[in-house]
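The values are calculated or read from the model by the stated rules, or taken from the named source; none is laboratory data. In this text, all values refer to a predicted model and were calculated from it rather than measured experimentally. We place every Cβ from the backbone using ideal geometry, glycine too, and count neighbours over all the protein chains shown.
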Amino acid sequence: MKLYLVGHDYRYAIEQAIVSFLNRKAVLCQDIPQDDAEDLLISTLSYGDKYLTGTAELVLNGRKYRKAARAQIKGMDTDEERINREQHVLKTSVFKAAKEATGTEFPWGSLTGVRPTKLVLRMLESGHTRDSAEKELVSRYFLSPKRAKLALEAATHSLDVKRRLSENEISLYVGIPFCPSRCAYCSFVSSETGKSGHLIEPYLEMLSEEIKQRGMLAKDLGLKVKSVYIGGGTPTTLSAAQLDRLMYSIARAFDLDSLAEYTVEAGRPDTITVEKLRVIRSNGAGRISINPQSMSGEVLRINRRPHTPEDVLRAFEQARECGFECINMDTIAGLPGDSVEGFRTTLLRLGQLRPENLTVHTLALKRGSDLAAGSTLEKQDSDVMAMLDFALEFLYNNGYRPYYLYRQKYMAASLENTGWTLPGRESIYNICIMEEFQTILSVGAGGVTKLVGRDGKRILRVANNKFPAEYIRSGMKIDSDNRTIRSFYR
Ligand code: SF4
């Protein structure tokens, strides 16, 4: 779709809005055509005496839709407030035009960002009550009542966790970017062991060096680790001995006296063995993720997950026997081959296991996945909506509550990913990474350290090399990144 901006330069915000509402990419153009032959959007910002107005003229399949939204100029005293109001009227006008053109109800209304809870947190921290925040989400941002409630509950959970964090605490992420094979929908940087297995040992050596250096730095800066998350990839691709070495190096390097949560994302059930579970547990991890994605053997086969639903049940039982008291299970709504009924069955079967955390993702066709190559979302938006609506009702009725959520581009029906928890079992790490409440030190290939200033506003990202082979060669970068981290904390 061609995009024309008049009177403003909020290209990114409008592009995001187009992707969210129309699931299309936008190409910024200069000279507005005189006819309505092509699909296009003209987004205009204008100022009057009392109001600023955003206007969207949308041409879709030969028909023209024109919508406007306005806000008061009064009270627009800071640059931040001006930008907020300008973007709000522009995105709202695009939302209204898209809604009329497509006849679609957008569950997240005019919100286009990936973290809707950030807005709700701002509301709650600036004095809104839960009631007034919920009303504003529906009336000003056009959220459906269900999504307003979801965002509000997740934000309330996040706020509870935020109050329990101390200033000198951080979280640690350790990346293991290896998997035994690649799932069809995967867009992560993860190397298949068949091709890259020879890199695992040199990778672990480099990782152990980075852990040691970052640990010394953290101790030097007086930083204590509140949560550890070993993710990937699939960390349980490593052997039990390799896991043991890795976890020992973490315990030796960092101050874990304040540790409240230690997660290992086992992920694929086909990589989980009792021996590995025992090693993980004995090294202090109490939370583990076992990810079925679906409990249909056929859906797993279509999506190239080389495990069965029975493997999931076996791994879950073994994890309980090994003493894991907090187990997370991931599911995906909208997988190729799945149906509303199939997804319901998946949730019913997982619900019987009563994992402490259940994460419900919506399939997103992200760059880098085999599914995205030459494909469009296969499922009808209405099917995916029905899956998530079922999840919402089922999980509420079974005592789960939403505790973090986020959205992504190219997501079916422009919906969301939600982490659900039984009372008091929410993951600190997931909330901290989503809401940027504290520094997350990331080690390993593809890791992005996110430094969060004491005011909670200053944020600096420091990225590691993306791929294992580059990372193994990147010895010098550890030193320069350490200098960046040190000067951030000065
Ligand atoms: S297990 Fe996860 S990281 Fe590994 S290939 Fe599948 S989706 Fe990607």
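The test for being of a type in the set (Gly, Ala, Ser) and out of contact with any Phe, Trp or Tyr (no Cβ under 9 Å at 6 or more places or on another chain) does not hold for Ala218. Out of Ser187, Ser158, one residue alone is more than 16 Å from the ligand (Cβ to nearest atom) and farther than 16 Å from Gly475 by Cα. It is Ser158. Taking segment 192-235 as the range and being surrounded by 22 or more Cβ atoms within 10 Å (Cβ to Cβ) and hydroxyl-bearing (Ser, Thr, Tyr) as the test, the residues that pass are Tyr203, Ser227, Tyr229, Thr234. Checked against (1) assigned to a helix (DSSP H, G or I); (2) within 16 Å of the ligand (Cβ to nearest atom); (3) not aromatic (Phe, Trp, Tyr), Leu121 meets all criteria but (2). Selection over segment 261-285 of residues that are more than 22 Å from the chain's Cα centre (by Cα) and either part of a loop (DSSP other than H, G, I, E, B) or among the charged types (D, E, K, R) (or both) gives a count of 10.
Determine whether segment 134-147 contains at least one residue that is more than 25 Å from Val94 (Cα to Cα), away from the ligand (no atom under 16 Å from the Cβ) and not assigned by TED's automatic domain parsing to the domain that holds Phe394. Walk me through it before giving the result.
Initially, segment 134-147 is screened for residues more than 25 Å from Val94 (Cα to Cα), giving none.
No.
Remark: pairs (first residue in segment 413-430, in contact (Cβ under 8 Å) with a residue 12 or more places away in the chain and within 19 Å of Ala364 (Cα to Cα); second residue of a type in the set (D, E, K, R) and part of a loop (DSSP other than H, G, I, E, B); Cβ separation under 7 Å; 6+ apart in sequence or on different chains) = Glu416/Arg407. Inside segment 204-260, residues that are within 16 Å of the ligand (Cβ to nearest atom) and either more than 26 Å from His307 (Cα to Cα) or not in a helix (DSSP H, G or I) (or both) make up a count of 7.
For the structure I just gave you, tell me whether Leu441 is at pLDDT below 95 and either in the same structural domain as Thr362 (by TED's automatic domain parsing) or surrounded by fewer than 22 Cβ atoms within 10 Å (Cβ to Cβ) (or both).
No; evaluated as a whole, the condition is false for this residue.
Annotation note: of Thr346, Thr331, the sole residue that is modelled with pLDDT of 95 or more, more than 15 Å from Pro235 (Cα to Cα) and within 14 Å of the ligand (Cβ to nearest atom) is Thr331. For the residues Ala260, Ala251, the requirement of being surrounded by fewer than 21 Cβ atoms within 10 Å (Cβ to Cβ), free of Cβ contacts under 8 Å to residues at least 40 places away in the same chain and of a type in the set (A, V, I, L, M) singles out Ala251.
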